[in-house]
Amino acid sequence: MVLFDTLGLALFTIAGMQKTLAMGHPFWVAIIMGCITGSAGGVIRDVLLNNIPVIFRKEIYAMASIAGGLLYWAMYALGVELGITVIICFCVICLIRFIAMKYHISLPRL
């Protein structure tokens, strides 16, 4: 389940970023929309399964999406080829999420 959740997060974060940048919005809007797009799918899935959404627990979830969005924007601004940008950002988002899960890294709870 964690694998598919992470892959979906990365995929939809990148799709949200691409669509927002294609519409001509600034990078910060694209990062926010990528994070919302990536996180919303997991929230909807968890609500339908009657689970507590992952984003509301201590796990690194939205931060992985934001980090991937920042990397996507940096590579986009530098003019890196789209295919390479997508592959690298996808891998970085998945890597951040997998490392956080393996080593129990989390954000502080308020």
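The values are calculated or read from the model by the stated rules, or taken from the named source; none is laboratory data. Keep in mind that what you see is a predicted model, and the values were worked out from it rather than measured. Ideal geometry is used to build each Cβ from the backbone, glycine not excepted, and the neighbour counts take in all protein chains shown. Note: accessible area is taken over every heavy atom of the protein model, side chains too, but ligands, DNA and RNA are not part of it. Shrake-Rupley method; radii C 1.70, N 1.55, O 1.52, S 1.80 Å.
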Return only the number of the condition from (1) farther than 16 Å from Phe4 by Cα; (2) open to solvent by 60 Å² or more (accessible area, probe 1.4 Å); (3) not in a loop (DSSP other than H, G, I, E, B) that Asn50 does not satisfy.
-> (3)
Hits in the range 8-35 (condition: β-branched (Val, Ile, Thr) and open to solvent by 70 Å² or more (accessible area, probe 1.4 Å)) = Ile32
Tell me, yes or no, whether the range 56-64 has at least one residue that is part of a helix (DSSP H, G or I) and farther than 25 Å from Pro108 by Cα.
-> no
Looking at Leu70, Leu95, which one is open to solvent by 70 Å² or more (accessible area, probe 1.4 Å), in a helix (DSSP H, G or I) and within 20 Å of Asp5 (Cβ to Cβ)?
-> Leu95
Matching residues in the range 19-47 (within 18 Å of Ala64 (Cβ to Cβ) and touching a Ser or Thr at 6+ places or on another chain (Cβ under 8 Å)) number 7
